[in-house]
1. Mind telling me which of the residues R192, R173, R204 ends up being surrounded by 14 or more Cβ atoms within 10 Å (Cβ to Cβ), closer than 30 Å to G295 by Cβ and not hydroxyl-bearing (S, T, Y)?
2. For S76, all conditions in the list (1) small (G, A, S); (2) farther than 18 Å from V43 by Cα; (3) modelled with pLDDT of 90 or more hold save one; what is the number of the exception?
3. Determine if the stretch 613-633 includes at least one residue that is under 24 Å from L485 (Cβ atoms), among the hydroxyl-bearing types (S, T, Y) and in a loop (DSSP other than H, G, I, E, B).
4. Considering only strands (runs of 3 or more DSSP E) fully contained in the stretch 305-388, which possess at least 2 residues that are open to solvent by 40 Å² or more (accessible area, probe 1.4 Å) and of a type outside the set (S, T, N, Q)?
5. From the residues in the stretch 645-675 that are among the hydrophobic types (A, V, I, L, M, F, W, C) and assigned to a helix (DSSP H, G or I), which one is surrounded by the fewest Cβ atoms within 10 Å (Cβ to Cβ)?
6. Got at least one residue in the stretch 485-504 being open to solvent by less than 20 Å² (accessible area, probe 1.4 Å), among the acidic types (D, E) and at pLDDT 85 or above?
7. What single numbered condition from (1) of a type outside the set (A, V, I, L, M, F, W, C); (2) closer than 20 Å to R324 by Cβ; (3) more than 17 Å from the chain's Cα centre (by Cα) fails to hold for K211?
8. Go through the stretch 595-654 and report how many residues are at pLDDT 90 or above, of a type in the set (A, V, I, L, M, F, W, C) and farther than 19 Å from S463 by Cα.
Amino acid sequence: MLGMADVRNLDVFDYEYDDESGTVKVNTLGSIYGASIEDYPEVMSRVINILQEVPDASSVVLSESRDYEYGEEEVSMLKEIADAIQGISSQGYLSEQGGEKCDSFYADHVPEVQQIVIDQLRRDPVGAYVELRRKERRLKTEMSDDYPQRKRCIKYFLNDVIRPISDRLEETRMIQRARDEDFVTGHHIGDREVYREFFHPLVRPNFMLTKFMSLPPERGEEIDRYEVRNDIEVSIYKIPDKVQPVYHVNPPEFNLTEEKYTLLDAARRFMASHEPESGEFARPERMRQVFENIGRDMLRDIANQMDIRLTREELDELTSILNRYTSGLGVLELLLSDPKIQDVFINSPVGGSSIFINHQEYEECETNLIPTKEEAESWATRFRIQSGRPLDEANPVLDTDTEVPGGRARVAIIQENLSPEGLAFAFRRHRSRAWTLPLFIDKGMINPMGAALLSFIVDGGRSVLFAGTRGAGKSSILGASMLELLKKTRIISVEDTLELPINQMKDLGYNVERMKSRSVITQVENELAADEAIRTSLRLGDSALVIGEVRSDEAKTLYEAMRVGAVANFVGGTIHGESPYSVYDRVVNDLGVPKTSFKATDVVVSVNKIKSPDGLNTYRRVTGITEVRKEWTNDPQEENAFVDLMRYDSNEDKLMPTDTLKNGESMVLNRIAENIREWKNDWEAVWNNIQLRKKIKQDMVEAANENDRPELLEADFTVKANQRYHILAERVGEEYGKQDPERIYARWKEWFDRQV
């Protein structure tokens, strides 16, 4: 593939052709006309000449401080003009002789047509066509003269020269579009507006690899606009007759001055000489910091050499951009840092289509970013080294995770032989900060009553499976539930890809140990299998146990541990399944856990996607909190072992408590009460505690919205508020001999109001 260094060695308007990709790369660095087919007739003329020399080209790149790539459809229009010029010349229309009686007439008019075809048609095809049409009309008006011989000469000239050339041009798509879209009538010769409608190059600064559609989509209506990280502009466009919106990102690197592009390109070429070692890739945070320091010094030095004055803010901005495209993941960071993006998809063959994303408000969207094959290979290498897992013909799947400023993501990569057309990527984005139950209340995923019940169950040390379809939010709500545990609870997590907010929990002071197990997809021999990891966790002390996802042999080990009481605290995990029975079916029939062992499951929390009636919108909701009773033998469904405590009401769009819950008939909640001296055989005390938790979480959400204090819903404050509740409950119990919910709430509210 032709690189920038190769193009820089060419003279202005010289080119190189890559027959593998079909790309012609033209050097326009130093051109007084710029690098735009649509704006400059001289550039269009040169490109048409090149396409006559390279008829197999499928794309044209004009390379300056940025690359401007014209795709197959646009190049095809220019090739048709190039072919038309050659066809007109080969047919002899421009050398027609009118015979002895019309020689003088032809001598007067053929040179003008020659100039239109040979010169103007390359520079301004629509203008050339309009000139021919106008000349035809002028000559027709002269046919009314009283000179029969002149009439015959005009007729011959129109039939033998003008009309065949006009007909040939009308066969081209460019002229057809110009006529259909009414650019011909009243066209001013030299006006380039028509070409600005027809040609929309993908733009790529030379320091990056991704192609970028800078203009908004044609006929697009902007329906939303927001900023990410204060410097990345995002617009959402709705396109007529399309159900899929366009996610149009406009980061600062696409809006710099030419001298800043030159500066960045020079700095990147210098930094490219430093090839990071595998150890540096394995420590991305350290590598990023090193590259940032080097990059800042280098940019400052090069700017001084080029006599470019940079403010501190400009230097910081350029350093951030340079770091993104050297030690970082390039445009992937733009997408993964947007908290509203949930998935990123890059399909094979890379470069054949735009990146697609799944947006929390607009569902699946097409983006204005097109990655290149070279960039995809770079990403794959980096993820392979960071994960320590193979990605090759024998292991065509890589399952890992990544973290960039502003976002974390689970990464799935496939390549040949599994993917016939090469590399493909899927990124499941996780929030950079942990989800909390108050945040989910604010988003409508769960209501305060459901969050309070879940908090009570987790705090009570029960075993809970969070079930749902892919992308429903299972892992997120499991992570939020973990924050309901007291900090004094030791927690051990077992995951094959690191999705749970363990690092943030450590920062918050939790006693938590993370174990990384072997992926069931990527069989890495030097990693411990999940079932062995669970067995190991049982030897690490009395702990709550959290399994990232229950999906293979570890299920038997997990249930074996729960049945014999090896795990005496909260046990949580996610599993695919949209209902309690589908969870039972998967655990018993798919994963081979004995029926009686499934009874170790106390609660199944169902998380699902709810669709709007038009099918265009999807909402994530907790659709059920179901306890699993133990008095059954063969089939828990038929023997009524699945008892809903809360059930989703689609009309109300919220979880509603069932009579079982309200009447105190829950076996799980009563078992929790049995372990608490004051609550044994006292359902009212249990119910009042759940209501107290509900009021606390509801107050947090309301205060955050009323006071524009979103930080009150984040993990830092949520954990602080939970811990304060427990401390105050203990104090009230000591002072009054019992945990009076009203007194606890009053003291908590007083503390909370001071915080707000």
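1. Exactly one residue qualifies, and that residue is R204.
2. (2)
3. The answer is no, given that none of the residues of the stretch 613-633 is under 24 Å from L485 (Cβ atoms), among the hydroxyl-bearing types (S, T, Y) and in a loop (DSSP other than H, G, I, E, B).
4. 363-367
5. So the residue we want is M667.
6. no
7. (3)
8. The number of residues fulfilling the criteria is 0.
The values are calculated or read from the model by the stated rules, or taken from the named source; none is laboratory data. Just so we're clear, the structure is a prediction, and the values are computed from it rather than from any experiment. No Cβ is skipped: glycine too gets one built from the backbone with ideal geometry, and neighbour counts run over all protein chains shown. Accessible surface areas use protein heavy atoms only, side chains included; no ligands, DNA or RNA. Shrake-Rupley method; radii C 1.70, N 1.55, O 1.52, S 1.80 Å.
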